Amino acid sequence: MTPEGKNAWKDPKYFGDKQDDGAEGLLQASNGNLFVAGFSSSDAWVFELERNKPEGFSSQGSVKFGNSKLVDENGNGILEAGERGWVELEVTNTGSNATWQATAQVTIDSPMAGFTFFEKVKIGNLLPGASRRVTIPVSGMDELNAGTVQLNVKILPTTLIANEPLLITIPCLKAALPDLAIINASFTQNGKAANQARLGEIVKLEVEITNRGTKDAEDVQLIFSYPANILPMGERLVKIGNLTQGATTRRQFSFKAEEIYQQKDIGIICQVREKHNPQSARDTFSLPVVERKTEQPSKPESQTELMRLSWLYPEPDASGKPGATVASEDSVYQLKVLALASSQLNARDFTVLLNGKPYNEGSKMGEKGLQKNTDGTGISEYRFQTKVSFPAPGNYKIEIEAGNDLTGKVKSAPIQVIYQPVKPNLHLISIGVPHDDLQYPTQDAADFAKAMRQQEGKLYGKVIEKLYNTKETTTQRALELVVDQLQLDYSKRDLIKDKDVVIIFVSSHGINLPREGFCLLPSDYDMLFAAKTSVNYKTSFLDPLADIKCKKFVLIDACNSGAIEEEEGSKGQSYDAMPDALIELMKARGLRSLVSCQKDERSYEDPTWQNGAFTEAILEALSGKEGKVENGQLKANKNGDKVLTFGELYEYLGKRVPYMVKTTKNGKGQNPIMPETSKELEDVPFFYFGG
């Protein structure tokens with residue numbers, strides 16, 4: 001209603017069928033219209049209530065532009081590539097009429113690539129003498145160039161007269177980019193500058209790389225390419241890492257020309273690439289070959305066929321031989337050799353010897369492990385690669401034997417590999433949401449974190465723990481950011497490695513909403529606004545977890561909400577049974593998960609345990625104690641190997657939890673569940689009982 005008591009809305013409309021109708025959202029636009037969103041018994045709807053022009057308002061009048069300024073993200077007053085901001089200006093009604101639905105129209109005289117802006121911005125209604133701050137969104141795309149852009153701002157409708165068109169100048173700056181260049185290169189042989197290469201001797205090419213750009217270069221790599229019959233003495237891909245602006249670095253590539261090399265010079269191509277530019281720089285460096293004798297002895301028919309083996313990986317040392325000892329943190333080790341042969345070779349002609357005995361798994365690589373190059377000299381170049389798997393930490397002697405009846409058998413120089421695995425770090429998230437009708441979620445989270453903390457230096461190198469078990473740390477906003485923070489640690493901060501482990505433990509109430517699916521209830525949950533104050537498990541937990549490529553475990557002690565009769569001591573107190581939605585969600589690939597009960601059951605807690613039954617049974621399993629089950633006593637690590645696998649934990653919980661609940665809760669049922677996709681991965685170690 002207007003102040004005069006008149007209806008301010010035209011054509012009122014009514015929606016719904018008088019059953020469970022409700023408006024859930026109300027928004028007033030700058031022109032005075034209302035947007036309303038809500039639900040009826042069977043439909044969702046959004047509609048606009050259009051406002052009549054009030055008495056005293058007019059589409060004619062005059063306005064005045066005031067001061068304007070650019071507000072950008074870093075506050076330097078310059079719009080940079082990849083940056084967003086807005087132009088802020090003041091509009092004042094200088095006439096005697098109240099203006100009706102004024103709009104600022106924005107144009108640009110000379111468009112600039114990468115510069116975007118809103119062409120129309122609502123000003124709304126202004127009383128005489130009133131002012132309003134208007135913002136015009138602008139943004140600079142990646143292709144934005146350096147220069148200035150001039151915006152022209154006019155007022156619509158045209159019957160509104162501005163004191164003068166407003167011209168706004170916006171300075172722009174192109175994106176800071178790395179600029180990598182090869183500024184120097186030199187060849188050396190036997191520690192001295194080399195003007196020529198002698199066949200069969202190692203040559204080193206040293207290149208100098210600099211970053212001439214205005215931004216640090218990330219993940220810089222050098223790739224060296226070379227002609228046939230040139231034997232690399234190391235990997236052709238050389239990783240540099242990050243190179244700050246203005247910084248310079250040198251890297252070497254070692255190689256030698258085989259005796260059968262026929263060209264007059266050796267051309268080595270060096271290509272530089274960077275995270276954002278795979279073709280940063282490229283150059284070719286040539287070194288003449290010492291002239292060989294023109295007369296070549298003919299090959300007697302009885303001469304032995306040629307067969308030679310050289311290591312490519314592990315990388316050889318300066319003498320051309322692989323280092324006597326190399327170290328490996330990975331149980332799977334890659335091997336590469338180069339074979340020169342005058343007869344045809346197949347993958348079956350290569351055998352890996354591990355501690356003097358044939359390694360069968362590695363020798364079954366087949367043709368895909370063998371590449372052949374022929375240059376027309378009658379000598380073929382074969383590159384054989386395979387992998388060996390070390391059964392346990394220790395020292396291993398590795399040789400590769402190659403050849404057949406024509407070439408005879410040739411054995412490579414031996415290498416010693418010391419396998420000593422580096423323990424992964426554990427990134428632990430333990431969540432216990434305080435609720436008025438639950439006693440122990442806070443204790444559940446604290447106790448689980450304490451138990452897993454003991455694994456530092458045992459199964460895991462470090463345990464990086466984050467405990468969320470207070471009202472302040474378990475709000476909706478806080479829980480929605482938990483896994484997002486993990487994702488940042490993995491993708492941006494490089495704090496989580498692919499070999500690391502993430503474990504998320506949750507003890508709380510849950511709710512199954514018709515549109516959102518399974519949600520966790522935070523400490524600031526409001527049942528009157530369930531959808532807007534709960535934490536969607538899929539979008540806040542599962543989706544960001546999928547981007548973290550390491551081992552992930554999730555354990556949830558929760559039920560979902562529903563209007564049923566309360567049961568004392570149940571995590572489903574006023575909460576229904578575990579929903580199908582959660583069980584389906586827990587089947588996500590790459591995720592090992594356990595939930596506290598079946599879909600038609602509740603999760604219980606009790607003062608006898610001082611925890612939830614699910615959590616208490618987990619703590620028993622991690623303590624190594626025996627627990628009473630239906631048919632006697634049971635230990636989680638029943639084979640006694642001191643390694644508790646995820647499958648062993650599930651087996652223990654599957655027998656212990658039902659017994660605890662049945663005997664304490666007057667025959668009630670609670671059976672933890674592991675999705676089928678997790679059962680495929682159940683042999684993964686979870687806890688270690690050793691010192």
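The values are calculated or read from the model by the stated rules, or taken from the named source; none is laboratory data. Values in this document were obtained by computation on a predicted structure and should not be read as measured data. Ideal geometry is used to build each Cβ from the backbone, glycine not excepted, and the neighbour counts take in all protein chains shown. The accessibility values were calculated without ligands, DNA or RNA, using every heavy atom of the protein model including side chains. Shrake-Rupley method; radii C 1.70, N 1.55, O 1.52, S 1.80 Å.
Answer yes if at least one residue in the range 654-667 is at pLDDT below 85 and farther than 19 Å from Ile504 by Cβ, and no otherwise.
no
Collect the residues in the range 190-232 that are in a loop (DSSP other than H, G, I, E, B) and on the phi > 0 side of the Ramachandran plot, keeping them in residue-number order.
Asn190, Gly191, Gly200, Asn229
Could you tell me whether Glu630 is open to solvent by 10 Å² or more (accessible area, probe 1.4 Å), of a type in the set (D, E, K, R) and either over 30 Å from Cys550 (Cβ atoms) or modelled with pLDDT under 95 (or both)?
yes
Look through the range 470-490, keep the residues that are polar (S, T, N, Q) and within 21 Å of Val501 (Cβ to Cβ), and return whichever of them is most open to solvent (accessible area, probe 1.4 Å).
The qualifying residue most open to solvent (accessible area, probe 1.4 Å) is Gln485.
Report, by residue number, each residue of the range 474-500 that is assigned to a loop (DSSP other than H, G, I, E, B) and charged (D, E, K, R).
Lys492, Arg493, Asp494, Lys497, Asp498, Lys499, Asp500
Would you pick out the residues in the range 141-185 that are more than 16 Å from Ser68 (Cα to Cα) and more than 40 Å from the chain's Cα centre (by Cα)?
Those that are more than 16 Å from Ser68 (Cα to Cα) and more than 40 Å from the chain's Cα centre (by Cα): Leu156, Pro157, Thr158, Thr159, Leu160, Ile161.
Can you tell me which residue within the range 539-572, out of those that are modelled with pLDDT under 50 and assigned to a strand (DSSP E or B), is surrounded by the fewest Cβ atoms within 10 Å (Cβ to Cβ)?
Ser561
Can you tell me which residues in the range 501-521 are crowded, with 23+ Cβ neighbours inside 10 Å and outside any strand (DSSP E or B)?
Result: Ser508, His509, Leu521.
Working only within the range 333-376, note down all residues that are closer than 19 Å to Ile398 by Cα, modelled with pLDDT of 85 or more and either of a type in the set (Lys, Arg) or loosely packed, with under 15 Cβ neighbours inside 10 Å (or both).
Gln334, Lys336, Arg348, Asn355, Gly356, Lys357, Pro358
Of the residues that sit in the range 123-140 and are surrounded by 14 or more Cβ atoms within 10 Å (Cβ to Cβ) and under 40 Å from the mean Cα position of the chain (by Cα), which one is farthest from His276 (Cα to Cα)?
Selected residue: Val134.
Test of understanding: among Asp494, Asp498, which residue is surrounded by fewer than 21 Cβ atoms within 10 Å (Cβ to Cβ) and at positive phi?
So the residue among Asp494, Asp498 that is surrounded by fewer than 21 Cβ atoms within 10 Å (Cβ to Cβ) and at positive phi is Asp494.
Scan Tyr575, Tyr604, Tyr525 and give me the residue that is modelled with pLDDT of 90 or more and open to solvent by 10 Å² or more (accessible area, probe 1.4 Å).
Selected residue: Tyr525, the only one of Tyr575, Tyr604, Tyr525 that is modelled with pLDDT of 90 or more and open to solvent by 10 Å² or more (accessible area, probe 1.4 Å).
Would you mention how many residues in the range 233-253 are assigned to a strand (DSSP E or B), more than 15 Å from Asp219 (Cβ to Cβ) and not basic (Lys, Arg)?
Result for the range 233-253: 3.
Which residue out of Leu156, Leu173, Leu180 is out of contact with any Ser or Thr (no Cβ under 6 Å at 6 or more places or on another chain) and among the aliphatic types (A, V, I, L, M)?
Being out of contact with any Ser or Thr (no Cβ under 6 Å at 6 or more places or on another chain) and among the aliphatic types (A, V, I, L, M) holds for just one of Leu156, Leu173, Leu180, which is Leu173.
I'm checking my understanding of the structure. Among residues of the range 216-263 that are closer than 21 Å to Glu201 by Cα and among the basic types (Lys, Arg), which one is least open to solvent (accessible area, probe 1.4 Å)?
For the range 216-263, the residue satisfying everything is Lys256.
Anything in the range 134-152 that is in a strand (DSSP E or B) and either within 17 Å of Pro165 (Cα to Cα) or without any contact (Cβ under 8 Å) to a residue 40 or more places away in the chain (or both)? List them, or say none.
Matches in the range 134-152: Val134, Thr135, Ile136, Gly147, Thr148, Val149, Gln150, Leu151, Asn152.
Give the residue that is modelled with the highest pLDDT, with candidates limited to residues of the range 277-332 that are open to solvent by less than 60 Å² (accessible area, probe 1.4 Å) and assigned to a loop (DSSP other than H, G, I, E, B).
If we take residues in the range 277-332 being open to solvent by less than 60 Å² (accessible area, probe 1.4 Å) and assigned to a loop (DSSP other than H, G, I, E, B), then Val290 is modelled with the highest pLDDT.
Pick out the one residue from Thr615, Thr608 that is of a type outside the set (Lys, Arg) and in a loop (DSSP other than H, G, I, E, B).
Just a single option satisfies the conditions, and that option is Thr608.
Are there any strands (runs of 3 or more DSSP E) wholly within the range 391-473 with 2 or more residues that are over 18 Å from Thr615 (Cβ atoms) and either at pLDDT below 95 or over 36 Å from the mean Cα position of the chain (by Cα) (or both), and if so which?
394-402, 415-419
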